[in-house]
1. Residues to consider are Gly177, Gly186; find the one that is assigned to a helix (DSSP H, G or I), at pLDDT 95 or above and either more than 23 Å from Asp107 (Cβ to Cβ) or in contact with a Gly (Cβ under 9 Å, 6 or more places away or on another chain) (or both).
2. Sort out which residues of the stretch 99-130 are closer than 21 Å to Met210 by Cα and open to solvent by 50 Å² or more (accessible area, probe 1.4 Å), and write them in order of number.
3. Yes or no: Asp42 open to solvent by less than 50 Å² (accessible area, probe 1.4 Å) and modelled with pLDDT under 95?
4. Could you list, in sequence order, all residues of the stretch 207-228 that are hydrophobic (A, V, I, L, M, F, W, C) and crowded, with 19+ Cβ neighbours inside 10 Å?
5. Which members of the stretch 192-206 meet the condition of being open to solvent by 20 Å² or more (accessible area, probe 1.4 Å) and not in a helix (DSSP H, G or I)?
6. Could you look through the stretch 10-27, keep only residues that are open to solvent by 70 Å² or more (accessible area, probe 1.4 Å) and not in a loop (DSSP other than H, G, I, E, B), and pick out the one that is nearest to Ala56 (Cα to Cα)?
7. Could you tell me which numbered condition Leu47 fails, if it satisfies all but one of (1) in a loop (DSSP other than H, G, I, E, B); (2) without any contact (Cβ under 8 Å) to a residue 24 or more places away in the chain; (3) not β-branched (Val, Ile, Thr)?
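The values are calculated or read from the model by the stated rules, or taken from the named source; none is laboratory data. This is a predicted model, so every value here is computed, not measured. Counting neighbours? That spans all protein chains shown, and the Cβs are built from the backbone with ideal geometry, glycine included. Quick note on the areas: whole protein, heavy atoms, side chains included, nothing else; ligands and nucleic acids left out. Shrake-Rupley method; radii C 1.70, N 1.55, O 1.52, S 1.80 Å.
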Amino acid sequence: AAARQVSQNTLRARTVTEEGAALTRLVGQGVDAIALRPLLSDDPELLRCLDKVRAARIPVITLDSFVDHPAVVSTVGLDNWAAQALAATYIFDRLHGRGKVAFLAGDPRSASGAARNASFHDLLTRYPGIQLAYEANMDWVTQVSRRTQGETHTRVALDAAPDLAAVVASSDEAALGAIDVLEERGLGNRLVSGYDGLPDGLLAVHDRRMAATIRQGPLAIARTAIDV
């Protein structure tokens, strides 16, 4: 932003209500543009606040997740469909197309989560030897740790399928939680993939605890958003 001579004001929001309040505040400040990381893609409260943004003629750039609203002029982020397919394909091929898999899915309330989930299920149809033994949607909005969610769901998955061969996770934190449980049970040789490329996830790949992850490249996303 500094290099582009853009004056940047960052407001943090952990809930949809906080996100709406931040948008209202930015409208009041008369900003020229808003870059928004939407927590949910179709929440009525968020859409009502975007109505105010549009009325003020302020363009919105969403980061990572698309929001279907006329105030949104652009979305900057990865192709979530292609990226999730890339990670899952790597795991399925490592399994030689056979075995039981658990899917720690994305939050379907966000466009990025919904795209990752749909991509995984589309890919699954092309691997008849892969059996989806367990699936659970992660909650990306509440304060419950994604790593804790990954741990909890992996325990349930192992109870349902002790011969589980792999875990495909829609986030690095959920994947790391899965790895914690697998190693705790002496199953550290099971394959796990993540998504995000967080420092802990990249370290886990380096240490061969995690088979693969998707590196989102937040710096590139931020730079592109400023350019837009």
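1. Working: Gly186 fails: assigned to a helix (DSSP H, G or I).
The match here is Gly177.
2. Across the stretch 99-130, the qualifying residue is only Lys100.
3. Details: open to solvent by less than 50 Å² (accessible area, probe 1.4 Å): no; modelled with pLDDT under 95: yes.
No; evaluated as a whole, the condition is false for this residue.
4. Of all residues in the stretch 207-228, those hydrophobic (A, V, I, L, M, F, W, C) come to 210-212, 214, 219-222, 225-226, 228.
Answer for the stretch 207-228, where residues must be hydrophobic (A, V, I, L, M, F, W, C) and crowded, with 19+ Cβ neighbours inside 10 Å: Met210, Ala211, Ala212, Ile214, Ala225.
5. Step one: filter the stretch 192-206 for residues open to solvent by 20 Å² or more (accessible area, probe 1.4 Å), giving 196, 198-200, 202-203, 205-206.
Result: Asp196, Leu198.
6. Here is the first cut: in the stretch 10-27, the residues open to solvent by 70 Å² or more (accessible area, probe 1.4 Å) are 10, 12, 14, 17-18, 25.
After this cut, where a residue has to be not in a loop (DSSP other than H, G, I, E, B) as well, the list is 17-18, 25.
Values: Thr17: 20, Glu18: 20, Arg25: 12 Å.
Looking at residues that are open to solvent by 70 Å² or more (accessible area, probe 1.4 Å) and not in a loop (DSSP other than H, G, I, E, B), I get Arg25.
7. Exception for Leu47: condition (1).
For every residue, the table says whether it meets (1) without any contact (Cβ under 8 Å) to a residue 60 or more places away in the chain; (2) of a type in the set (Gly, Ala, Ser); (3) assigned to a helix (DSSP H, G or I).
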position	(1), (2), (3)
Leu86	no, no, yes
Asp93	yes, no, yes
Ala115	yes, yes, yes
Trp140	no, no, no
Gln143	no, no, no
Arg155	yes, no, yes
Asp159	yes, no, yes
